[in-house]
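Please treat every number below as a calculation from the coordinates, not as lab data. Quick caveat, the model's predicted, so the values are computed rather than measured. Reconstructed Cβ throughout: ideal geometry from the backbone, glycine too, with neighbour counts over all protein chains shown.
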Amino acid sequence: MKLNTSARKKFRVTNKLKKVAGEGRLRLSIFRSAKNISAQIIDDRKNITILSASSVEKDVKESKTKNKSELSKIVAEKLAKKAHEKKISKIYFDRGVYKYHGRIKIFAETLRKNGMDF
């Protein structure tokens, strides 16, 4: 089966992360569209999603931010808060197809500031 370019990129990045994943670390997968951003923390050993945060959730939409960069910061802070409640601090950052640039970079830096280690 032949994969298109974006599927190949995503497979390459995610596969490398899964190979080096240790026992105590989970994978943070991120998705961004033209207007929204979402992220989820996944346990690959059990194949379950532990936490998720998105800009389409009701309390984030009520914040009335029009800037997509600020929206990324809000979602990252919300995800970090949920992770602290579940006592998750060590993760692998799976950027998927996206370059570590712009909203993805802002998201990662905000997570680091809020105590996530990757």
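Against the numbered list (1) in contact (Cβ under 8 Å) with a residue 24 or more places away in the chain; (2) part of a helix (DSSP H, G or I); (3) more than 16 Å from Lys90 (Cα to Cα), Arg8 comes up short only at (1). Taking each residue of region 35-51 that is over 11 Å from Ile91 (Cβ atoms) and touching a residue at least 40 places away in the same chain (Cβ under 8 Å) and looking for partners that are among the aromatic types (Phe, Trp, Tyr) and outside any loop (DSSP other than H, G, I, E, B) with beta-carbon atoms closer than 7 Å, six or more apart or interchain, yields Ile37/Phe107. Only one entry of Lys46, Lys9, Lys61, Lys68 meets the criterion of being over 23 Å from Gly102 (Cα atoms) and not aromatic (Phe, Trp, Tyr), and that entry is Lys46.
Within region 9-24, is even one residue of a type outside the set (A, V, I, L, M) and either under 11 Å from the mean Cα position of the chain (by Cα) or on the phi > 0 side of the Ramachandran plot (or both)? Checked region 9-24: no residue is of a type outside the set (A, V, I, L, M) and either under 11 Å from the mean Cα position of the chain (by Cα) or on the phi > 0 side of the Ramachandran plot (or both). Selection of region 45-68 for residues being more than 25 Å from Thr14 (Cβ to Cβ) and in contact with a helix residue (DSSP H, G or I) (Cβ under 7 Å, 6 or more places away or on another chain) yields Val60, Ser63, Thr65.
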